[in-house]
Amino acid sequence: MKPVRLVTAVLTAAALSLSLAAPVAATPGHGHGPPHHPGHPKYAKPGTLRWAAPDGFVIGTAVAGGGHHEEQDYPDPFTSDRTYRKILADQFSSVSPENQMKWEYIHPEQGEYDFAMADSIVEFAERNGQDVRGHTLLWHSQNPAWLEEGDFSSEELREILHDHITTVVGRYAGRIDQWDVSNEIFDEEGELRTEDNIWIRELGPEIIADAFRWAHEADPSAELYFNDYNVEDVNAKSDAYYELVQELLADDVPVHGFSAQVHLSTQYGFPGSLEDNLQRFDDLGLGTALTEVDVRMQLPESGRPTWAQLEQQADYYQQALSACLNVEGCASFTIWGFTDKYSWVPVFFEGEGAATVMDERFRPKPAFFTMKHTLLKADRKGPGRPPWAGPGR
Ligand code: XIL
């Protein structure tokens, strides 16, 4: 099933002047559209990333909070850092809770849900005309102890997952655009994680289809995704997804998309078959997305990246963004945080860092400007830039 795309109409000059004042049915052009649209001038200030993005293409970021942040010597970034919030609202047309919708946060005790942080992110997104990507429902990691260490029968576990998906997806029905229903279910050889994923281990691989079915029942308007890392290239792991989604589609399971996280490091080459890989999923009629893009590097002793490193990083961001822009159904590009101040990278990858597009003081790096330039010159199928859209490409 193709994700629903906004139909674009040709507008006359008269209708165009109207469209700035009142909602209209059409959404032409780079960074514009009706008032509820992420690219509408009401939200998209000229010169920002979201403004530069072509119509129907959202540019997102993870919303920092929870997870590794809790061990750092700063307060919760999303709720406490005003500069952070301002950039989050201004530059981005999509947000993904970095940790706040994971099981350990949203379902901390058996039978108890805590929606406070997730709610505030969804409300922030609504105030700022942003899409939301829900992350995540079925994963082997960041599950609460009560679940991982509980002594549940398979019937009980099945009911726990059903209740979780129904409750969480149902709460945000109509407000979350894409859900990472399934996260990281295959290993590097393309084998299902039958050991470390509690759901697959205890309930068998069929639980994956059920998770999609339950999510679809709870919110028929959300696009439901498989999400993973190291699936940028055509390789054993992405092949495993390619096989699985075909089986599920043949069984009418409501799977709508495949997304690659894109956690890259400049010490490895750029995954050169990314576009071909996205295209083969697109050819199956699935949406595609890049959901957690960052490009880390091995830092010199000074701790500061060299200019050459920053240029190489910018080139990787550009290649990833271009790959997505070149695939028709790839309409969402999310970076895993926008400032090095809050990046997960130094905590998880020893000796590496500087992976985002702004430094610790929110100063844009070459990667930021390259992204904006790439968005502006994007030649997506569709209406192109409307005459009233102002300077740009
Ligand atoms: C990371 C977060 O960024 C950290 O704050 C947390 O401590 C661990 O998880 N793949 C995913 C994301 O799907 O949820 C992970 O996020 C990064 C890898």
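Tabulated values for the structure
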{"item": "Some residue of the stretch 209-222 being touching a residue at least 24 places away in the same chain (Cβ under 8 Å), polar (S, T, N, Q) and within 16 Å of the ligand (Cβ to nearest atom)", "result": "no"}
{"item": "Filter result for residue 322 (of a type in the set (Ser, Thr, Tyr) and either assigned to a loop (DSSP other than H, G, I, E, B) or surrounded by fewer than 19 Cβ atoms within 10 Å (Cβ to Cβ) (or both))", "result": "yes"}
{"item": "Scope the stretch 142-162; condition more than 25 Å from residue 65 (Cβ to Cβ), of a type in the set (Asp, Glu) and outside any loop (DSSP other than H, G, I, E, B); matching residues", "result": "155, 156, 159"}
{"item": "Close pairs (7 angstrom Cβ cut-off, 6 or more residues apart or separate chains): hydrophobic (A, V, I, L, M, F, W, C) in the stretch 139-160, assigned to a loop (DSSP other than H, G, I, E, B) anywhere", "result": "139/184; 146/110; 160/152"}
{"item": "In the stretch 237-253, the residues that are closer than 16 Å to residue 184 by Cα and either open to solvent by 50 Å² or more (accessible area, probe 1.4 Å) or polar (S, T, N, Q) (or both)", "result": "238, 239, 242, 243"}
{"item": "Residue list for the stretch 263-318, restricted to those being in contact with a Pro (Cβ under 8 Å, 6 or more places away or on another chain), under 13 Å from residue 356 (Cβ atoms) and either within 16 Å of the ligand (Cβ to nearest atom) or of a type in the set (Val, Ile, Thr) (or both)", "result": "264"}
{"item": "Tally of residues being open to solvent by 10 Å² or more (accessible area, probe 1.4 Å), of a type outside the set (Gly, Ala, Ser) and not in a loop (DSSP other than H, G, I, E, B) across the stretch 325-357", "result": "8"}
{"item": "In the stretch 170-223, the residues that are open to solvent by 60 Å² or more (accessible area, probe 1.4 Å), in a helix (DSSP H, G or I) and acidic (Asp, Glu)", "result": "202, 206, 217"}
{"item": "Leading residue by the ranking (surrounded by the fewest Cβ atoms within 10 Å (Cβ to Cβ)) among those in the stretch 93-127 that are within 16 Å of the ligand (Cβ to nearest atom) and part of a helix (DSSP H, G or I)", "result": "104"}
{"item": "Test for residue 67: is it small (Gly, Ala, Ser), closer than 30 Å to residue 158 by Cα, open to solvent by 10 Å² or more (accessible area, probe 1.4 Å) and within 16 Å of the ligand (Cβ to nearest atom)", "result": "yes"}
{"item": "Every residue from the stretch 267-295 that is open to solvent by 20 Å² or more (accessible area, probe 1.4 Å) and not aromatic (Phe, Trp, Tyr)", "result": "267, 269, 272, 273, 275, 276, 279, 280, 283, 284"}
{"item": "Test for residue 140: is it of a type outside the set (Ser, Thr, Tyr), in contact with a helix residue (DSSP H, G or I) (Cβ under 6 Å, 6 or more places away or on another chain) and within 14 Å of the ligand (Cβ to nearest atom)", "result": "no"}
{"item": "Residue within the stretch 231-239 that is within 16 Å of the ligand (Cβ to nearest atom), of a type in the set (A, V, I, L, M) and either part of a loop (DSSP other than H, G, I, E, B) or at positive phi (or both) present", "result": "yes"}
{"item": "Extreme residue, farthest from the ligand (Cβ to nearest atom), among residues of the stretch 143-157 that are open to solvent by less than 50 Å² (accessible area, probe 1.4 Å) and polar (S, T, N, Q)", "result": "153"}
{"item": "Condition check for residue 90: part of a helix (DSSP H, G or I), touching a Ser or Thr at 6+ places or on another chain (Cβ under 9 Å) and more than 16 Å from the ligand (Cβ to nearest atom)", "result": "yes"}
{"item": "Where a residue in the stretch 55-71 is free of Cβ contacts under 8 Å to residues at least 24 places away in the same chain and of a type outside the set (Ser, Thr, Tyr) and its partner, wherever it lies, is near the ligand (Cβ under 9 Å from one of its atoms) and part of a loop (DSSP other than H, G, I, E, B), with Cβ under 9 Å and at least six apart", "result": "70/99"}
{"item": "Some residue of the stretch 249-267 being of a type in the set (Asp, Glu) and part of a helix (DSSP H, G or I)", "result": "no"}
{"item": "Scan of the stretch 250-269 for residues that are over 14 Å from the mean Cα position of the chain (by Cα) and farther than 19 Å from residue 138 by Cα, ordered by number", "result": "250, 251, 252, 264, 265, 266, 267, 268, 269"}
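One line per residue, one yes/no per condition, for (1) among the charged types (D, E, K, R); (2) more than 27 Å from residue 120 (Cβ to Cβ); (3) out of contact with any Leu (no Cβ under 7 Å at 6 or more places or on another chain); (4) at pLDDT 95 or above:
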residue: 193; (1), (2), (3), (4): yes, yes, yes, yes
residue: 196; (1), (2), (3), (4): yes, yes, yes, yes
residue: 225; (1), (2), (3), (4): no, no, yes, yes
residue: 230; (1), (2), (3), (4): no, yes, yes, yes
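The values are calculated or read from the model by the stated rules, or taken from the named source; none is laboratory data. Because the structure is a prediction, the values reported are computed rather than measured. Quick reminder, even Gly has a Cβ in these numbers, built from the backbone with ideal geometry, and neighbours come from all protein chains shown. Calculation scope for accessible area: heavy atoms of the full protein, side chains included, ligands and nucleic acids excluded. Shrake-Rupley method; radii C 1.70, N 1.55, O 1.52, S 1.80 Å.
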